[in-house]
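*Asks:* One structure follows; several queries about it will come next.
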Amino acid sequence: MKKTKSLYFYSSLFIISSIFCLSLVVPVFSQPRGASAAEKEEIGVTQPASNKIDLPTVETPEKVYQLKKIDPNRIGAEASYTTFGGFRPIDYVMKSPALGVGQRVEIYQEPKPLDAYMIMFKEMQHTYSDFQGYWKGNVIYEDCAFRSIVQPLFVRAYGTEFTLSDPKESSSDIKGQLKYTIDYRDVYREYYPKYPDVKVERWVQNDVMVITTAKIQPLEWIYTSNIGFRYSTVNVKEQDYRWDFSSGDEWRNTYYANQAMAFNPRCEIFWQGEYFKSEHDRCTWSNQPDHYFTAGELRLKSKDMKTSYTGRFSYSIDKYSPFSNTFEKYEIWARVGRDFNDRFNAYSMLKYAYDHTRSEDNGVYLSPAPLWPTPNPPLPGPFDVTAIALMSENRVQYRVYDKLWIQAGADLGVGVNLSNFDNVGWLAGLEYYAPGVIRVDFGWRGNQYYNIDDFLTTIYFKAYFFM
């Protein structure tokens, strides 16, 4: 008992002496008068340099936005952003410069747009002697002839992309990339049925693009620019020599530019332009077509950033010099999209298309169809035809597991001045998307042309590696 009391006594004495010593030491380290509360609460701990531990840093790649490139099989391009990083093997050896390599494979069929079928049929009325009876109003056209026009465009494409990034892109408000693309593709039924002898074409394309993004101070606007040049050679692999309407081999020089300005995350304007000059020197009618294209968009988002509204207008004209033939196309569309959550999104789009083609140099041959050489010169047969169509596109996408998505869609196309090719379409597909590593898109599409009782089925497969 006495030992316990003695322990309590010495313990109390130790605590009291400790408090007294601290009261003498603390004022020496007190903050100077006028110091803020935040400064008073800071505890500074220094450590000798020899004992300092360097923790490894995780580098996040700088994003340089590329406006989606122009598809050579369409007039114009979809207006959207994609980011290109690529697999950068040189980064394992040295950090600068940053070289990216990406690969894509695309094998797909797709139905031609409703207005394309309409304009082709109207041209055929004035092109082949077999159709002159209908052209003169003496023959009632049968549905089977319309069904012969319904053919899908089929493409096999392989592309390799090399991107050289600005090694100092993270040190300023201006970032840039230089991208080179080599693209091989086989295109089937590109000109069917206007040139029925062309069965397949082989495209070889070399494309160089300069990508630039900049933040405009002090407004905080984001400016994106893509300027590029593409050289394409088109070789006709297979022909049916019963006809001599071949388009022949083609050499094409394309210049294009895509520009976007984002004033804030909810408002952006977009513009794109394209010009190419083609040469057809190895065909029946040597010609050098000129193609001009321009488009503009206004993109808006709701306050919660989940709903997007996009309006677009585009115009293109092709001049088939030295002939007095032209093709013009106008498109206007409105699109509304919604991200309901991180798993489900959808959009709806309504499009108006107006096509107009004029030919002053068209020749009308008396039936039967001409054989070469022919002693009878063609009679003048100029024509001026239009195609007007309304189209609706609806898509939904749902993430079922991790990076796996399912897709579905329903489309409707109606011709205003020709209803034979009116159709209802369906789409179903799967997509696996791991950004920067792999993206695989596979699906089926079906279109029912109900006025001529024809059904067209198509499939698509697209894979992107390190993109």
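The values are calculated or read from the model by the stated rules, or taken from the named source; none is laboratory data. Because the structure is a prediction, the values reported are computed rather than measured. Please note: Cβ atoms are built from the backbone with ideal geometry, for glycine as well, and neighbour counts cover all protein chains shown. Only protein heavy atoms, including side chains, enter the accessible area calculation; ligands, DNA and RNA are left aside. Shrake-Rupley method; radii C 1.70, N 1.55, O 1.52, S 1.80 Å.
*Asks:* Near LEU456, within a Cβ-to-Cβ distance under 14 Å, what is the net charge of the other residues, with Lys and Arg +1 and Asp and Glu -1? Present the calculation step by step, with values, prior to reporting the outcome.
*Replies:* On the way: positive: LYS112, ARG147, ARG189, ARG445; negative: GLU110, ASP411, ASP422, ASP453, ASP454.
Result for the neighbourhood of LEU456: -1.
*Asks:* At a probe size of 1.4 Å, how large is the accessible area of CYS267, to the nearest 10 Å²?
*Replies:* Rounded to the nearest 10, the figure is 40 Å².
*Asks:* ASP422: accessible area at probe 1.4 Å, nearest 10 Å²?
*Replies:* For ASP422, the solvent-accessible surface is approximately 10 Å².
*Asks:* Hey, another quick one. Report, in listed order, any pair from LYS175/LYS301; LYS179/LYS215; LYS351/LYS403 with a Cα-Cα distance greater than 29 Å. The partial results should precede the final answer.
*Replies:* Numbers: LYS175/LYS301 25 Å; LYS179/LYS215 21 Å; LYS351/LYS403 31 Å.
Too far apart for the 29 Å limit: LYS351/LYS403.
*Asks:* Heavy atoms of the protein only, probe of 1.4 Å, neighbouring chains included. What is the accessible area of SER359 in Å², nearest 10?
*Replies:* Only protein atoms counted, so the area is about 10 Å².
*Asks:* Could you work out what % of the accessible surface of the stretch 376-447 is carbon and sulfur, using a 1.4 angstrom probe and leaving DNA, RNA and ligands out of the count? Let's see the in-between values first.
*Replies:* Numbers: 2420 of 3650 Å².
Here it works out to 66 percent.
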